[in-house]
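A quick write-up on the structure given underneath.
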Amino acid sequence: MAEEVKSLNFIEHIIEEDLRTGYEMSQLRFRFPPEPNGYLHIGHASSICLNFGLGLKYNAPVNLRFDDTNPAKEEKEYVDAIKSDVAWLGYEWDTECYASDYFQQLYDWAVELIKDGKAYVDSQTSEQIASQKGTPTEPGSHSPYRDRSVEENLRLFEGMKNGDFKEGEHVLRAKINMASSNMLMRDPVMYRILHKAHHRTNTDWCIYPMYDWTHGESDYIEQISHSLCTLEFLPHRELYDWFLDQLVSTKKLRPKQREFARRNLSHTVVSKRKLLQLVESGVVAGWDDPRMPTISGLRRRGYTPESIKNFADTIGIAKRENVVDVSLLEFHAREHLNKITPRVMAVLSPLKVVITNYEEGKEEWLDAENNPEDESAGFRKVPFSRELYIEQEDFREDANRKFFRLKLGGEVRLKNGYIIQANSCTKDSEGNVIEVQCTYDPLSKSGSGTEESLRKVKGTLHWVSIPHTITAEVRLYDRLFTDETPDGHKDKDFMDFVNPDSLEKITGYLEPSLKDAQVGEQFQFQRMGYFNVDKDSTKEKMVFNRTVTLKDTWAKLEQKE
């Protein structure tokens, strides 16, 4: 059978065309350029996978560049988190770069633009500058400082750099065209004064370059061949090219900006400002809260790098924005976790079962398969005794013929163990069943090869032995928002759609093999879902996070509605 040939996305078509029309393979270089003002989220994961994926496809280097031009919002904490996230996804960058590495070069180039009459110092307020911008259908008006002499501009710009002026007193603007149909070309600001310490340069600089001025020039310095941005930067491409026109040498590669559509995820928000609001308001416990769409949150919840990369590969690269249902991400989590996770037994809503004909004080250790998807995973031992826990929902005193779990007079198989029959039950003062009395067939042990062990019963239940069980805090996470597009309503705040049931903490009763599980280890709690060990775990108290349920429970709810 011939291997399926995967079609190229439109970015790959651009690169292939460039290779046909003059680019050398050795000239290809890509970059992932996050701003270190927050934690990376699932939207960034698509960009990471695109850029580093192209690097792998073309055997080309990929830089990790931090566009750190705003000390008011950027911190080393975010730099470290970003590096950790990219590495966790399994990618290696060629060079770790910072826009702040280029502050002196950018300043020197800005001085050259002033000398060439292509930049000037404007002493108006930001409000005055905004009022002169015009509208998309009406041209803007010139600043009264637009025709300052080169000498005065140089003197003022140097004074800005030296800290002689207050914030907002002056800015440096490019002198382009106040009548341009592209509003971004109407004398954009290149530098502003900020008297704030930078996470790398401390207080060496009192002026900081704007993103549009920094972006293309950083690409040029690093000799990035293809600068890939999300679609909102399409109007910025003209300015990106104008700045390069003033500087590029024919002896060096000229970077090419191209845009792809952002993929928004349903039932969440990915704006850093809104994510920060969730953190600061206490709706979540931090940037790595397992309900957050941040990569660190997904990692803590139990998602694997493979599931995220498979998700990014499935949604692909497109030219139009759309909302991707979060259930697709959950599907890829289930698909990968199903292949790699050992199966264990845990009861989350316990109901006591007493096997009345099983000898008191007796215990035996049964063989349990670790993963039917992986023969090499082997077996483990699980303890069996007279008193067990099963799930409350797995017993009904009265049930119809379609209920194949435990009911009075009915039989079920205990996973890896024996066939039992429910004979009676005990209730509390409110009529709730608190204990079920059963008998077992001693010859029906799974795998024993006896005729009784081969007998077919329709229900199989997971369970834990009460004398051997370990308790743990189990955190049942659900979607953080009840609405598909929580920030898509003009008349409502996205916080109005926070799901009050996005986290439930319960006590779980687990088989003893889990007592030595390490932080980050992943398991399938049989019939319950996929779980992993949270970093809050201690020797005295283990904590497990639910990554995803075994099936898409939200799909069922939506069908009912």
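Filter segment 487-499 down to residues that are more than 21 Å from ASN322 (Cβ to Cβ) and within 22 Å of the chain's Cα centre (by Cα) and give me whichever is surrounded by the most Cβ atoms within 10 Å (Cβ to Cβ). Step through it out loud before you land on a result.
Residues of segment 487-499 that are more than 21 Å from ASN322 (Cβ to Cβ), as a first pass: 491-493, 495-496, 498-499.
With within 22 Å of the chain's Cα centre (by Cα) added as a condition, the list becomes 495, 498-499.
Working: MET495: 15, VAL498: 18, ASN499: 16.
Filtering first and then ranking leaves VAL498.
Could you tell me how many of the residues in segment 390-411 are touching a helix residue (DSSP H, G or I) at 6+ places or on another chain (Cβ under 8 Å) and open to solvent by less than 50 Å² (accessible area, probe 1.4 Å)?
Step one: list which residues in segment 390-411 are touching a helix residue (DSSP H, G or I) at 6+ places or on another chain (Cβ under 8 Å), which gives 405-406.
With the extra rule that they be open to solvent by less than 50 Å² (accessible area, probe 1.4 Å), the set shrinks to 406.
Within segment 390-411, residues that are touching a helix residue (DSSP H, G or I) at 6+ places or on another chain (Cβ under 8 Å) and open to solvent by less than 50 Å² (accessible area, probe 1.4 Å) number 1.
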- The lone condition VAL533 fails out of (1) free of Cβ contacts under 8 Å to residues at least 24 places away in the same chain; (2) open to solvent by less than 50 Å² (accessible area, probe 1.4 Å); (3) more than 19 Å from the chain's Cα centre (by Cα) is (3)
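Out of everything in segment 466-486 that is touching a strand residue (DSSP E or B) at 6+ places or on another chain (Cβ under 9 Å) and part of a loop (DSSP other than H, G, I, E, B), what residue ends up being most open to solvent (accessible area, probe 1.4 Å)? Let's see the steps before the verdict.
Taking segment 466-486 as the starting set, the residues that turn out to be touching a strand residue (DSSP E or B) at 6+ places or on another chain (Cβ under 9 Å) are 466-478, 480-482, 484-486.
Among the residues that remain, those that are also part of a loop (DSSP other than H, G, I, E, B) are: 469, 478, 480, 482, 484-486.
Details: THR469: 33, ASP478: 45, LEU480: 5, THR482: 69, GLU484: 99, THR485: 50, PRO486: 0 Å².
Per the stated criteria, the residue is GLU484.
How many residues does segment 13-64 contain that are basic (Lys, Arg) and assigned to a loop (DSSP other than H, G, I, E, B)?
Initial filter on segment 13-64 (basic (Lys, Arg)): 20, 29, 31, 57.
From what is left, the residues that are assigned to a loop (DSSP other than H, G, I, E, B) are 29.
Adding up the residues that qualify gives 1.
In segment 328-345, what residues are buried (at least 17 other Cβ atoms within 10 Å of the Cβ) and of a type outside the set (Phe, Trp, Tyr)?
Initially, segment 328-345 is screened for residues buried (at least 17 other Cβ atoms within 10 Å of the Cβ), giving 329-334, 336-337, 341-345.
Once the filter is applied, which keeps residues that are buried (at least 17 other Cβ atoms within 10 Å of the Cβ) and of a type outside the set (Phe, Trp, Tyr), segment 328-345 yields LEU329, GLU330, HIS332, ALA333, ARG334, HIS336, LEU337, THR341, PRO342, ARG343, VAL344, MET345.
Quick check on ILE114: is it among the β-branched types (Val, Ile, Thr), in a helix (DSSP H, G or I) and out of contact with any helix residue (DSSP H, G or I) (no Cβ under 6 Å at 6 or more places or on another chain)? Don't jump to the end; show me each part of the working.
Values: among the β-branched types (Val, Ile, Thr): yes; in a helix (DSSP H, G or I): yes; out of contact with any helix residue (DSSP H, G or I) (no Cβ under 6 Å at 6 or more places or on another chain): no.
No: the conditions fail for ILE114.
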- Item | Near pairs, Cβ below 8 angstrom, 6+ apart or cross-chain, from segment 16-39 (of a type in the set (Gly, Ala, Ser)) to any residue that is surrounded by fewer than 16 Cβ atoms within 10 Å (Cβ to Cβ) | GLY38/LEU276
- Criterion violated by LYS505 - all others in (1) crowded, with 18+ Cβ neighbours inside 10 Å; (2) closer than 23 Å to THR294 by Cα; (3) of a type outside the set (Gly, Ala, Ser) satisfied: (1)
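Yes or no: segment 7-18 includes at least one residue that is touching a strand residue (DSSP E or B) at 6+ places or on another chain (Cβ under 7 Å) and open to solvent by 10 Å² or more (accessible area, probe 1.4 Å).
The answer is yes, given that some residue of segment 7-18 is touching a strand residue (DSSP E or B) at 6+ places or on another chain (Cβ under 7 Å) and open to solvent by 10 Å² or more (accessible area, probe 1.4 Å).
Select, from THR314, THR268, THR294, the only residue that is among the β-branched types (Val, Ile, Thr) and out of contact with any Phe, Trp or Tyr (no Cβ under 8 Å at 6 or more places or on another chain).
Working: THR268 fails: out of contact with any Phe, Trp or Tyr (no Cβ under 8 Å at 6 or more places or on another chain); THR294 fails: out of contact with any Phe, Trp or Tyr (no Cβ under 8 Å at 6 or more places or on another chain).
Exactly one of THR314, THR268, THR294 is among the β-branched types (Val, Ile, Thr) and out of contact with any Phe, Trp or Tyr (no Cβ under 8 Å at 6 or more places or on another chain), namely THR314.
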- Being buried (at least 22 other Cβ atoms within 10 Å of the Cβ), in a loop (DSSP other than H, G, I, E, B) and acidic (Asp, Glu) narrows ASP164, ASP187, ASP204 down to just ASP187
- Item | Conditions (1) among the basic types (Lys, Arg); (2) touching a residue at least 60 places away in the same chain (Cβ under 8 Å); (3) exposed (fewer than 13 other Cβ atoms within 10 Å of the Cβ): number failed by LYS362 | (2)
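When you scan segment 292-299, do you find a residue that is open to solvent by 40 Å² or more (accessible area, probe 1.4 Å), on the phi < 0 side of the Ramachandran plot and touching a residue at least 60 places away in the same chain (Cβ under 8 Å), even just one? Spell out how you get there, then give the answer.
If we filter segment 292-299 for residues that are open to solvent by 40 Å² or more (accessible area, probe 1.4 Å), which is where we start, we get 299.
Filter once more, keeping what is on the phi < 0 side of the Ramachandran plot: 299.
Among the residues that remain, those that are also touching a residue at least 60 places away in the same chain (Cβ under 8 Å) are: 299.
Yes, some residue in segment 292-299 is open to solvent by 40 Å² or more (accessible area, probe 1.4 Å), on the phi < 0 side of the Ramachandran plot and touching a residue at least 60 places away in the same chain (Cβ under 8 Å).
Answer yes or no as to whether LEU184 is touching a residue at least 24 places away in the same chain (Cβ under 8 Å), within 21 Å of ASP18 (Cα to Cα) and over 30 Å from the mean Cα position of the chain (by Cα).
Details: touching a residue at least 24 places away in the same chain (Cβ under 8 Å): yes; within 21 Å of ASP18 (Cα to Cα): no; over 30 Å from the mean Cα position of the chain (by Cα): yes.
Spelling it out, it is not the case that LEU184 is touching a residue at least 24 places away in the same chain (Cβ under 8 Å), within 21 Å of ASP18 (Cα to Cα) and over 30 Å from the mean Cα position of the chain (by Cα).
Yes/no matrix, rows are residues, columns are (1) within 44 Å of the chain's Cα centre (by Cα); (2) surrounded by 13 or more Cβ atoms within 10 Å (Cβ to Cβ):
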site	(1), (2)
ASN416	yes, yes
ALA422	no, yes
GLY431	no, no
CYS438	no, yes
GLU451	no, no
VAL457	yes, yes
- Item | Qualifying position, being open to solvent by 60 Å² or more (accessible area, probe 1.4 Å) and either under 41 Å from the mean Cα position of the chain (by Cα) or within 22 Å of ASP212 (Cβ to Cβ) (or both), among GLU92, GLU158, GLU152 | GLU92
- Message: Conditions first: (1) open to solvent by 30 Å² or more (accessible area, probe 1.4 Å); (2) in contact with a helix residue (DSSP H, G or I) (Cβ under 9 Å, 6 or more places away or on another chain); (3) not in a loop (DSSP other than H, G, I, E, B); (4) not hydroxyl-bearing (Ser, Thr, Tyr). VAL323 passes all but one, so which condition is the exception?
- Response: (2)
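Quick grid of which residues meet (1) at pLDDT 95 or above; (2) in contact with a Lys or Arg (Cβ under 9 Å, 6 or more places away or on another chain); (3) open to solvent by 50 Å² or more (accessible area, probe 1.4 Å):
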site	(1), (2), (3)
LEU56	yes, no, yes
LEU64	yes, yes, no
PRO71	yes, yes, no
TYR78	yes, no, no
VAL86	yes, no, no
GLU112	yes, yes, yes
- Please determine, by comparing only the residues of segment 207-248 that are of a type in the set (Ser, Thr, Tyr) and closer than 27 Å to ILE317 by Cα, which one is most open to solvent (accessible area, probe 1.4 Å). TYR211
- Which pairs have Cβ atoms under 6 Å, sit 6 or more apart or on different chains, and link a residue in segment 220-239 that is at negative phi and among the β-branched types (Val, Ile, Thr) to one that is part of a strand (DSSP E or B) and buried (at least 19 other Cβ atoms within 10 Å of the Cβ)? ILE224/ARG31
- Item | Positions within segment 406-424 being polar (S, T, N, Q) and without any contact (Cβ under 8 Å) to a residue 40 or more places away in the chain, in sequence order | GLN421, SER424
- Task: Considering every residue within segment 95-107, establish whether at least one is in contact (Cβ under 8 Å) with a residue 24 or more places away in the chain, in contact with a Leu (Cβ under 6 Å, 6 or more places away or on another chain) and surrounded by fewer than 17 Cβ atoms within 10 Å (Cβ to Cβ).
- Result: yes
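Collect the residues in segment 500-518 that are under 19 Å from the mean Cα position of the chain (by Cα) and either part of a loop (DSSP other than H, G, I, E, B) or over 29 Å from GLN277 (Cα atoms) (or both), keeping them in residue-number order. Let's see the steps before the verdict.
The first filter runs over segment 500-518 and keeps only residues under 19 Å from the mean Cα position of the chain (by Cα), leaving 502-503.
SER502 - this is the single residue of segment 500-518 that is under 19 Å from the mean Cα position of the chain (by Cα) and either part of a loop (DSSP other than H, G, I, E, B) or over 29 Å from GLN277 (Cα atoms) (or both).
Taking ALA87, is it within 19 Å of TYR208 (Cβ to Cβ) and of a type in the set (A, V, I, L, M, F, W, C)?
Details: within 19 Å of TYR208 (Cβ to Cβ): no; of a type in the set (A, V, I, L, M, F, W, C): yes.
No, not satisfied.
The values are calculated or read from the model by the stated rules, or taken from the named source; none is laboratory data. Quick caveat, the model's predicted, so the values are computed rather than measured. Neighbour counts are summed over all protein chains in view; Cβ atoms, including those assigned to glycine, are modelled from backbone coordinates with ideal geometry. Accessible surface is based on the protein model in full, side chains and every heavy atom, while ligands, DNA and RNA are left aside. Shrake-Rupley method; radii C 1.70, N 1.55, O 1.52, S 1.80 Å.
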